[in-house]
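Step one of this worksheet: look at the structure below.
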Amino acid sequence: MPLRRISEYLANVSTLLVRAQRGNDPAGRADAVKQLAEIKDQVSAAVKVLEAEMRMGVNRKVELAAARAAVATLTQELTAIAADEPHRGQTLST
């Protein structure tokens, strides 16, 4: 999986994070969280593919490092959003 493909998944992450964290509309925040979770799942799947390619001898170190970092960051952000949401009076599932 080329790095360009991973970057396609991540293209809207900043906008979605702002919507999820600072949006005034609960439905809009929930939708942004859902989209972020879907992106995290897609990049997690990419990590598995990249790991398999590495085991087969294909050099995907840069792509794998980027994908793992993206998954870790998305996990942290979604956890922080979920922890903050009860303070806003709404509950979101990630």
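Using a Cα-Cα cut-off of under 17 Å, which aspartates and glutamates could be cross-linked to K40, ignoring same-chain neighbours fewer than 8 residues away?
Within the straight-line limit of under 17 Å, K40 reaches these aspartates and glutamates: E8, D31, E51, E63, E77.
Give me the percent relative contact order of the chain, please, defined on Cα pairs under 8 angstrom at least 6 residues apart. Numbers along the way, then the final one.
On the way: 80 pairs, mean separation 28.8, N = 94.
Once normalised by length, the contact order is 31 percent.
How large is ³J(HN,Hα) for each residue in region 69-80, as worked out from phi by the Karplus curve 6.51 cos²θ - 1.76 cosθ + 1.60 (θ = phi - 60°), to whole Hz, x for Gly and Pro?
Each residue of region 69-80 in turn: 5, 5, 5, 4, 5, 4, 4, 4, 5, 5, 5, 5 Hz.
Taking 7 Å along the Cα-to-C-beta vector as the label spot, tell me the S7-S44 distance in nanometres, rounded to one decimal.
The answer from the label model is 2.6 nm.
Let's test the formula: R0 of 30 Å, r as the Cβ-Cβ distance of E51 and D84. What FRET efficiency results, to the nearest 0.05?
Step by step, r from the Cβ atoms, then E = 0.40.
Which value, in nm² and rounded to one decimal, describes the direction-averaged projected area of the C-alpha convex hull of the chain?
If I average the Cα hull's projected area over directions, I get 5.6 nm².
No lab work stands behind these numbers, since they all come straight from the coordinates. This structure is a prediction, so every number in the text was calculated from the model and none was measured. Cβ coordinates were reconstructed from backbone atoms using ideal geometry, including for glycine residues, and neighbour counts include every protein chain displayed.
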